[in-house]
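Enquirer: Quick one: the structure is below, questions incoming.
The values are calculated or read from the model by the stated rules, or taken from the named source; none is laboratory data. All values derive from a computational prediction rather than experimental measurement. Cβ placement follows ideal geometry from the backbone for every residue including glycine, while neighbour counts extend to all protein chains displayed.
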Amino acid sequence: MIFTESKLKGAYVIDLERVTDERGFFARCWCAKEFSSHGLCPAVVQVNIGHSTKKGTVRGMHFQITPYAEVKVVHCSRGSLYDVIVDLRDGSPTRGQWVGVELTADNGRMVYVPEGFAHGYQTLEDDTDLVYQTSQFYAKDAAKGVRYNDPAFGIIWPLPVSVVSSGDTNWPDY
């Protein structure tokens, strides 16, 4: 795996190192030793799958608060999406800034989302699946969010928003 730190300290884009031959390819997409060697949390306690039927669907921006703050490792297993993370960490020099990365089933790219970040995505095609590992179990009372279109962040989504839940549109201003 190739770990590239984003402009948001502690957040990484992870590319697969593919070994290819006439059969296709093989790549490692998880290794606790490699994550630890980069100073990243290797804990995985839950794996979640999201399916969106319509291109332009936005889900997010979600996070969990302490003591259930979680690390996520996100990838796209079918279709394509635009993955966005926002730094919400107190005292961080990049607090309030965001990064967007295109994840596709073909590129195999992943995003490492540290604790204290909000996470969301927009599907770039119909029938897109997202899979993510978390370092904490889901805790309903700790689940929070910020609006995907909150002007405090100025996130630029690549497509017009076609579908978004009422819950994701009703988060208060940051």
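Enquirer: Within segment 105-126, take every residue that is part of a strand (DSSP E or B) and polar (S, T, N, Q) and give me the one that is nearest to residue 7 (Cα to Cα).
Expert: Looking at the filtered set, the residue picked out is 122.
Enquirer: Right, here's the next one. Out of segment 103-161, which residues are under 15 Å from the mean Cα position of the chain (by Cα), of a type in the set (D, E, K, R) and within 12 Å of residue 76 (Cα to Cα)?
Expert: Hits for segment 103-161 are 109, 129.
Enquirer: Related question: What pairs can you find where one residue is in segment 6-20 and more than 17 Å from residue 36 (Cα to Cα), the other is acidic (Asp, Glu) and surrounded by fewer than 12 Cβ atoms within 10 Å (Cβ to Cβ), and their Cβ atoms are less than 9 Å apart, with a gap of 6+ or different chains?
Expert: Listed by first residue and then by second, the contacts come to nothing, as the list is empty.
Enquirer: Could you go through segment 43-55 and let me know if any residue there is at positive phi and of a type outside the set (S, T, N, Q).
Expert: no
Enquirer: Please determine, by comparing only the residues of segment 82-110 that are crowded, with 17+ Cβ neighbours inside 10 Å and among the aliphatic types (A, V, I, L, M), which one is farthest from residue 17 (Cα to Cα).
Expert: Among those that are crowded, with 17+ Cβ neighbours inside 10 Å and among the aliphatic types (A, V, I, L, M), it is 88.
Enquirer: Shifting gears a bit: Looking at this structure, is residue 129 at negative phi, surrounded by fewer than 20 Cβ atoms within 10 Å (Cβ to Cβ) and either in contact with a helix residue (DSSP H, G or I) (Cβ under 7 Å, 6 or more places away or on another chain) or assigned to a strand (DSSP E or B) (or both)?
Expert: yes
Enquirer: Further question: Mind telling me which of the residues 89, 18, 28, 23 ends up being basic (Lys, Arg) and touching a Phe, Trp or Tyr at 6+ places or on another chain (Cβ under 7 Å)?
Expert: Result: 18 is the single residue among 89, 18, 28, 23 that is basic (Lys, Arg) and touching a Phe, Trp or Tyr at 6+ places or on another chain (Cβ under 7 Å).
Enquirer: Please find, among 89, 95, 59, the residue that is touching a helix residue (DSSP H, G or I) at 6+ places or on another chain (Cβ under 8 Å) and either without any contact (Cβ under 8 Å) to a residue 24 or more places away in the chain or among the basic types (Lys, Arg) (or both).
Expert: On the way: 89 fails: touching a helix residue (DSSP H, G or I) at 6+ places or on another chain (Cβ under 8 Å); 95 fails: touching a helix residue (DSSP H, G or I) at 6+ places or on another chain (Cβ under 8 Å).
Result: 59 is the single residue among 89, 95, 59 that is touching a helix residue (DSSP H, G or I) at 6+ places or on another chain (Cβ under 8 Å) and either without any contact (Cβ under 8 Å) to a residue 24 or more places away in the chain or among the basic types (Lys, Arg) (or both).
Enquirer: Sticking with this structure for a sec: Select from segment 12-39 the residues that are modelled with pLDDT of 95 or more and touching a strand residue (DSSP E or B) at 6+ places or on another chain (Cβ under 6 Å) and write down the one among them that is farthest from residue 77 (Cα to Cα).
Expert: In this case the residue turns out to be 38.
Enquirer: On the basis of being charged (D, E, K, R), assigned to a loop (DSSP other than H, G, I, E, B), touching an Asp or Glu at 6+ places or on another chain (Cβ under 8 Å) and within 26 Å of residue 30 (Cα to Cα), does residue 102 make the cut?
Expert: Spelling it out, it is not the case that residue 102 is charged (D, E, K, R), assigned to a loop (DSSP other than H, G, I, E, B), touching an Asp or Glu at 6+ places or on another chain (Cβ under 8 Å) and within 26 Å of residue 30 (Cα to Cα).
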